[in-house]
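Working notes, beginning with the structure itself.
The values are calculated or read from the model by the stated rules, or taken from the named source; none is laboratory data. Given the structure is predicted, the values throughout are model-derived calculations rather than measurements. Don't worry about glycine lacking a Cβ; one is built from the backbone with ideal geometry, like all the others, and counts go over all protein chains shown. The area values use the complete protein model at the heavy-atom level, side chains included, leaving out ligands, DNA and RNA. Shrake-Rupley method; radii C 1.70, N 1.55, O 1.52, S 1.80 Å.
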Amino acid sequence: MDGFWENVLRYQRYFVTVLLGVVWNVVEPLVPLFKRPLSAIALLGFIVGLLTFVALTLRAMLGLSAA
């Protein structure tokens, strides 16, 4: 069991690093779109719509009521 906890922590750090890399690669191409007002509004609308769609879908799948 020597080094067991070191290995466990190493995998957690690896997971966080991979997750941050994925987020960076998704966000980086979208940054130039925020420089123009029209594309920024469209992108924000798309993001809000996507989050609303996911929230409503999960709510319906889990049987949660809106009230």
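Every helix of 4 or more DSSP H residues in the chain counts as -39500 (n - 2.57), and over all residues that averages to -26500 deg cm²/dmol at 222 nm. Ligands, DNA and RNA left out, the accessible area of the chain computed with a 1.4 Å probe is 75% carbon and sulfur. Taking the Cα centre of the chain as the origin and placing charges on Cβ (Lys, Arg +1; Asp, Glu -1), which of 26, 38, 48 is farthest toward the positive end of the dipole? With unit charges placed on the Cβ atoms, the residue in question is 38. The angle between the Cα long axis of helix 37-62 and the main principal axis of the chain comes to about 70°, on a 0 to 90 degree scale. Axis of helix 4-27 versus longest Cα principal axis of the chain: the two differ by about 20°, to the nearest ten degrees. Taking a ≥ b ≥ c as the square roots of the eigenvalues of the Cα gyration tensor, the chain is classed as oblate, since a/c reaches at least 1.5 and a/b does not exceed b/c.
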